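Inspection log for the structure reproduced underneath, given as structure tokens.
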Amino acid sequence: MNRNSDPFIGMHKTELDTPALLIDLDKMEANIDTMANYFSTVNADLRPHVKTHKTPIISHKQIAAGAIGVTCAKLGEAEAVIHAGIRDVLIANQIVGPHKIARLINLAKHSEIMVAVDNSHNVQAISDAAAAKGATVRMLIEVNIGMDRCGVEPGKPALELAEQIRRNPNLIFEGLMGYEGHTVAKPDRAERDTATREAMQRLVDAKHYLEKQGVEVAIMSGGGTGTFNITGSIPEMTEVQAGSYVFMDSTYRNVEGVGDQFDCSLSVLATVVSRPSADRMIVDTGLKVLAKEFGVPQPVSLDGVEMTGLSEEHGKLLVSDENFSLKPGDKLEILPSHCCTTVNLHDKYYGIRNGIVESVWDIAARGRSQ
């Protein structure tokens, strides 16, 4: 389908059929500029995460503003952005198994792909596949810095893996990666700052340990939206993988030092389908279009109205204002509590400027979980 001929382009956003995923383009572009401006003042560069928006045109906007490349969570995301012309791509996860490794090597023939590793068998499997196809793969060793998810421990385990990578001619050891995911959403700035610096010190210590053994660590990668100006200020860090800042959500909006710098640009347009009583209103946005693992999403700028629950196709709202006048057929916007997982429930965005639909973008990496 040619999206340029979408019948909604040029119409007011309230004319859209619902549920519809909206981007306020002015707010999104301001968020991109705000983050780019910060990284123009520090040693680290920005490598924004694709997993938030999953859409190449937004990645191109971020790169045009100064980002050095992108971060992906999945091979499918990397394929989508590389096919759209982006070359410097980090997959910040382990790529394991013959089929996925074959896809990774194919991408390496068309890009400067970089991948996270934390296991010697996986390193060897990627090396063998790269050698068989005459490809080169860049690698970051993921270090466990306190989230206790993936990653080797700092010190000797990281050194041994780095030495293995360096022995393989089809691999390039680029440096280290660590994700402080257990600190990024702490609302209090001081508490988040302390926890983040403690976590990132483990990565810094790993760098210094490797360098004392004669191993150069060119790249130090980590960070997220909640820690962009903490991790980004650490002199040893060379890049930050923030992603959610481009859209924000009700969770990050409440993170001190972040929510006051970026505006919420993403919303889901809903239609009131029932008003069974004065204090209850039902909309057509349920679990299939709104994620709720970080809490129940809430209406945008509607005093006296609270969303209290979601079922598959319905959202239930409590109306405490007797004078609230919305009725079946009327529309309202819902602010997601988690932008990343909400985006993955939709096929396209409606880009809105001054209330008018300016563009319709396919979410190219939507559902690309493999």
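The values are calculated or read from the model by the stated rules, or taken from the named source; none is laboratory data. Please read all numbers here as calculations on a predicted model, not as lab measurements. Note: ideal-geometry Cβ built from the backbone for every residue, glycine included; neighbour counts use all protein chains shown. Just the protein is used for accessible areas: all its heavy atoms, side chains included, with ligands, DNA and RNA removed. Shrake-Rupley method; radii C 1.70, N 1.55, O 1.52, S 1.80 Å.
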Margin query: Looking at residue 135 and the list (1) open to solvent by 20 Å² or more (accessible area, probe 1.4 Å); (2) farther than 26 Å from residue 233 by Cα, which single condition is not satisfied?
Written below: (1)
Next item on the list: Could you pull out the residue among 108, 130, 92 that is surrounded by 15 or more Cβ atoms within 10 Å (Cβ to Cβ), modelled with pLDDT of 95 or more, touching a Phe, Trp or Tyr at 6+ places or on another chain (Cβ under 8 Å) and farther than 21 Å from residue 209 by Cβ?
Entry: 92
Note to self: Considering only residues that are surrounded by 18 or more Cβ atoms within 10 Å (Cβ to Cβ) and under 26 Å from residue 63 (Cβ atoms), which ones fall in region 111-125?
What the structure shows: 111, 113, 114, 115, 116, 117
Notebook entry, point to check: Scanning for something at pLDDT below 95 and not small (Gly, Ala, Ser), does region 313-322 turn up at least one residue?
Noted result: yes
Note to self: Quick test of your reading of the structure: residue 367 fulfils all but one of (1) buried (at least 19 other Cβ atoms within 10 Å of the Cβ); (2) at pLDDT below 95; (3) small (Gly, Ala, Ser). Name the failing condition by number.
What the structure shows: (1)
Next item on the list: Answer yes or no as to whether residue 348 is surrounded by fewer than 19 Cβ atoms within 10 Å (Cβ to Cβ), modelled with pLDDT of 95 or more and within 22 Å of the chain's Cα centre (by Cα).
Entry: yes
Note to self: It is to be established whether one or more residues within region 49-57 are outside any helix (DSSP H, G or I) and of a type in the set (D, E, K, R).
What the structure shows: yes
Check: residue 327 versus (1) loosely packed, with under 15 Cβ neighbours inside 10 Å; (2) within 23 Å of residue 6 (Cα to Cα): which is the lone unmet condition?
Finding: (2)
Next item on the list: Can you tell me which residue within region 280-310, out of those that are open to solvent by 60 Å² or more (accessible area, probe 1.4 Å) and at pLDDT below 95, is farthest from residue 346 (Cα to Cα)?
Entry: 303
Note to self: Tell me the residue from 273, 246, 215, 258 that is β-branched (Val, Ile, Thr) and open to solvent by 10 Å² or more (accessible area, probe 1.4 Å), please.
What the structure shows: 273
Check: Is it the case that residue 182 is under 22 Å from the mean Cα position of the chain (by Cα) and at pLDDT 95 or above?
Finding: yes
Next item on the list: Identify, by number, the condition in (1) of a type outside the set (Gly, Ala, Ser); (2) free of Cβ contacts under 8 Å to residues at least 40 places away in the same chain; (3) open to solvent by less than 60 Å² (accessible area, probe 1.4 Å) that residue 154 doesn't meet.
Entry: (2)
Next item on the list: Six or more apart or on different chains, Cβ under 8 Å: which pairs go from a residue in region 196-215 that's farther than 10 Å from residue 143 by Cα and aromatic (Phe, Trp, Tyr) to one that's assigned to a helix (DSSP H, G or I) and open to solvent by less than 10 Å² (accessible area, probe 1.4 Å)? Could you list them?
Entry: 209/158
Check: So which residues in region 159-207 are farther than 21 Å from residue 118 by Cα, surrounded by 18 or more Cβ atoms within 10 Å (Cβ to Cβ) and among the small types (Gly, Ala, Ser)?
Finding: 185, 195
Next item on the list: Collect the residues in region 37-66 that are in contact with a Leu (Cβ under 7 Å, 6 or more places away or on another chain) and surrounded by fewer than 24 Cβ atoms within 10 Å (Cβ to Cβ), keeping them in residue-number order.
Entry: 39, 66
